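To start, the structure under review is shown below, and the notes come after it.
Laboratory data are not the source of any read-out in this text; all were calculated from the coordinates shown. In this text the structure is predicted, and so the values were computed from the model without any measurement. Cβ placement follows ideal geometry from the backbone for every residue including glycine, while neighbour counts extend to all protein chains displayed.
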Amino acid sequence: MLNKRSVQQIAIAMAAGLLLGPAWGYTLHADRQNPALVNSEEPIRPLPESTALNPQKVTLGARLFRDPRLSRDNTISCQSCHDLDSNGADNQPLSVGINGHKGATNTPTVFNSSFNFRQLWDGRAESLEEQIDGPIANPDEMGSSWVEITGKLQKVPDYIRAFASIYPAGLTPESIKDAIATFERSLTVPAPFDRFLSGELHAISAQAEKGYRLFKSYGCIACHQGMNVGGNMFQNFGLFGDYFEERGEVKQADLGRYNVTGREIDRHRFKVPSLRNVAVTAPYLHDGSIETLEETIRVMGRYQLGTALPVEDVGDIMAFLESLTGRYEGQL
């Protein structure tokens, strides 16, 4: 009889097999002058070149994103954990909130977050607007409330005028969240790999191109595909080994999706993270426990693919992942 883990192993193998059929690849020519990229069939899709957003909302949202008055003690803003001047995250295992409190999970980059099908590691937020409620109310993060926040902002004439000019209801919790979420939707960060998919053949190195082929052939693409190279499904962590038993000290946040649904099948299941900008957003995993990208690739090979990846292949896959790094050139 198949147990739960055996079923999971078969499922990941089937997913990889389905995704790695002929339609999911391309022929690599030696001179790289004319690779037969079948863009309409590639498992990773380029980011859109532009998004249609209300520029007034974007400007207002950018200001709110950087405003520490959204926290109880006026010390923490969204920018504190999602640094737009670098990688949209903070390069800490766990972010620090008010009073020096640490969060429960590693902070992902806010760049390209609008392309995730859910928000947060356990997927409990279905939209960017809903996600905002989490850090605002969390006592380990911003520790505030919408009553407190609106009271503060209503004392700022510039905010009153800005909200009144955009939103019929003026300054409300809903309009604050809408402005911030609209700004976050503007944080699209295309990468060299997007140009490669669109036909700019030398946008990435030959090593990165080889790494992409390995990324697909090993089966990484079964979970990390689509426009955000992930962020569009849930998956259990530890298909080919018990990561949590070997790491030790299982915490509440380690239960993942189980904390939302209470279903045993969701224990240690997480939203598959986007791999965009992954090369610059160390440390890794939901617990921030892995310091380097190289080691993370090895860990994923062991626990998710059931294989020990050769050194050369790890290097090639790293080169591919580095080609997913984009630079934010929008409103700061």
Too long at a 20 Å Cα-Cα cut-off: which of Lys152/Lys177; Lys57/Lys177; Lys155/Lys177; Lys210/Lys271?
Lys210/Lys271
Distance between Cα centroids, region 97-155 to region 231-304: provide it in whole Å.
20
Provide the net charge surrounding Gly230, with neighbours chosen by a C-beta distance below 9 Å and charges set as Lys +1, Arg +1, Asp -1, Glu -1.
+2
If every Lys and Arg gets +1 and every Asp and Glu gets -1 at its Cβ, then about the Cα centre the chain yields a dipole, in debye to the nearest 20, of 540
Cα-based shape type of region 177-332, given that a ≥ b ≥ c are square roots of the gyration tensor eigenvalues and the cut on a/c is 1.5
oblate
Out of Thr75, Pro139, Val96, whose Cα points farthest toward the positive end of the dipole of region 64-163 (charges: +1 Lys, Arg; -1 Asp, Glu; placed on Cβ)?
Thr75
May I ask which residue of Leu214, Asn277, Thr188 lies farthest towards the positive end of the charge dipole of the chain, with charges of +1 (Lys, Arg) and -1 (Asp, Glu) on Cβ and the Cα centre as origin?
Thr188
Whole-number Å³ per residue for the convex hull built on Cα positions in region 41-156
136
What do you get for the angle between helix 55-65 and the principal long axis of the chain? Use alpha-carbon atoms, 0 to 90 degrees, nearest ten.
90
Mind giving me the nanometre distance, one decimal, between the label points for Thr150 and Gln92, set 7 Å out from Cα along Cα→Cβ?
3.0
Among rounded, prolate and oblate, which fits region 137-196 when a ≥ b ≥ c are the square roots of the eigenvalues of its C-alpha gyration tensor, a/c under 1.5 means rounded, and a/b larger than b/c means prolate?
oblate
Let me know the Rg and Dmax you get for the chain when you use only its Cα atoms, in Å.
20.9, 68
Size of electric dipole in region 154-220: Cβ of Lys, Arg +1 and of Asp, Glu -1, about Cα centre, debye, nearest 20
160
Heads up, region 97-196 by the C-alpha gyration tensor (a ≥ b ≥ c square roots of eigenvalues; a/c under 1.5 rounded, else a/b over b/c prolate, else oblate) looks oblate
Cα-centre dipole for region 218-266 with unit charges at Cβ (Lys and Arg positive, Asp and Glu negative), debye to 20:
240
On Cα atoms only, tilt of 128-137 relative to the major axis of the chain in degrees
60
Net charge over other residues, Cβ less than 10 angstrom from the Cβ of Leu94 (K, R count +1; D, E count -1):
-2
Report the residue, chosen from Leu120, Leu171, Leu64, that carries the largest GNM mean-square fluctuation when the chain is represented by alpha-carbon nodes joined by springs under 10 Å.
Leu171
For the chain, percent of DSSP beta bridges that are antiparallel (nearest 5) comes out at 75
Residues of region 51-74 with backbone N under 15 Å of the label point set 7 Å from the Cα of Ser165 along Cα→Cβ are 54-64
Pair Arg63, Ala308: separation of 7 Å Cα→Cβ label points (nm)
5.9
Return the calculated 222 nm mean residue ellipticity for the chain, to the nearest 500 deg cm²/dmol, obtained by summing -39500 (n - 2.57) across DSSP H runs with n ≥ 4 and dividing by the residue count.
-10500 deg cm²/dmol
Among 151-158, 250-257, 319-326, how do they line up from the highest to the lowest mean number of other beta-carbon atoms within 10 Å?
319-326, 250-257, 151-158
Sequence-distant lysines (8 or more away, or on other chains) whose Cα lies within less than 20 Å of Lys102
Lys251
Roughly what angle does helix 311-322 make with the longest principal axis of the chain, taking Cα atoms, 0 to 90 degrees, to the nearest 10?
40
